[in-house]
Amino acid sequence: MHRVRTDEHSEAFAGERTLRVGAERPIRISAGHRLLHHDGKCARPHGHNYELTITLRGELTDEGWVADKGDVTDVVERWDHRFLVEAGDPLIEAFEASGDGDALVVLERPPTAEVMAATLEAELADALPDTVSEVAVSVRETSELDATGGATPCR
């Protein structure tokens, strides 16, 4: 047996570490949306198979990680197979009248990839432990469009 004494190398564990979730194989979610005030085809309801990459910076927890991957995916999964709308969109009433109000994610701004990245960063910052200092989310909407947030500071 090879036993490594980590207390002899405690300086190696000091400071912040980076955890990337979805770096080689992005987290995939399917969601519909529309851009209510857009002049083009994006004003129509449609959907995408989004690919997400999430980067976390922080101190190691007692469990030995920056964050539990399950805590990250719990936040992201609330957006999977949902329809994203901006507050005030008339589709909200239609979804609620049809009994599908729980299928909505209502955002304060238009549901663009950029807004999705920023909103997911804020939700993750609230959900993750205090040891996480920074969250960055990249949302790939199509092969031509990838929006990355601005590394939201936590707490």
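The values are calculated or read from the model by the stated rules, or taken from the named source; none is laboratory data. The shown structure was predicted, so the numbers you read here are calculated from the model rather than taken from an experiment. Here the Cβ is made from the backbone with ideal geometry for all residues, glycine too, and neighbour counts use every protein chain on show.
Observations, loosely collected:
- Counted residues, the range 1-24 - those being loosely packed, with under 10 Cβ neighbours inside 10 Å and at pLDDT 90 or above: 1
- Residue that is more than 18 Å from Arg25 (Cα to Cα) and part of a loop (DSSP other than H, G, I, E, B), where the choices are Arg109, Arg57: Arg109
- Against the list (1) within 17 Å of Gly22 (Cα to Cα); (2) surrounded by fewer than 20 Cβ atoms within 10 Å (Cβ to Cβ); (3) modelled with pLDDT of 95 or more, the condition Val106 fails is (1).
- Unique residue being closer than 21 Å to Pro153 by Cβ and in a loop (DSSP other than H, G, I, E, B) when the list is Trp79, Trp65: Trp65
- Gly150 vs. criteria more than 14 Å from the chain's Cα centre (by Cα) and part of a loop (DSSP other than H, G, I, E, B): no
- When the range 83-124 is filtered for residues that are of a type in the set (Lys, Arg) and touching a Pro at 6+ places or on another chain (Cβ under 8 Å), nothing remains.
- Selection of the range 118-135 for residues being within 15 Å of the chain's Cα centre (by Cα), in contact (Cβ under 8 Å) with a residue 24 or more places away in the chain and not in a loop (DSSP other than H, G, I, E, B) yields Ala118, Leu120, Glu121, Ala122, Glu123, Leu124, Ala125, Ala127, Val132, Glu134, Val135.
- Exactly one residue out of Ile92, Ile54, Ile27 is in contact with a helix residue (DSSP H, G or I) (Cβ under 9 Å, 6 or more places away or on another chain), of a type outside the set (D, E, K, R), surrounded by 15 or more Cβ atoms within 10 Å (Cβ to Cβ) and farther than 18 Å from Ala117 by Cα: that is Ile92.
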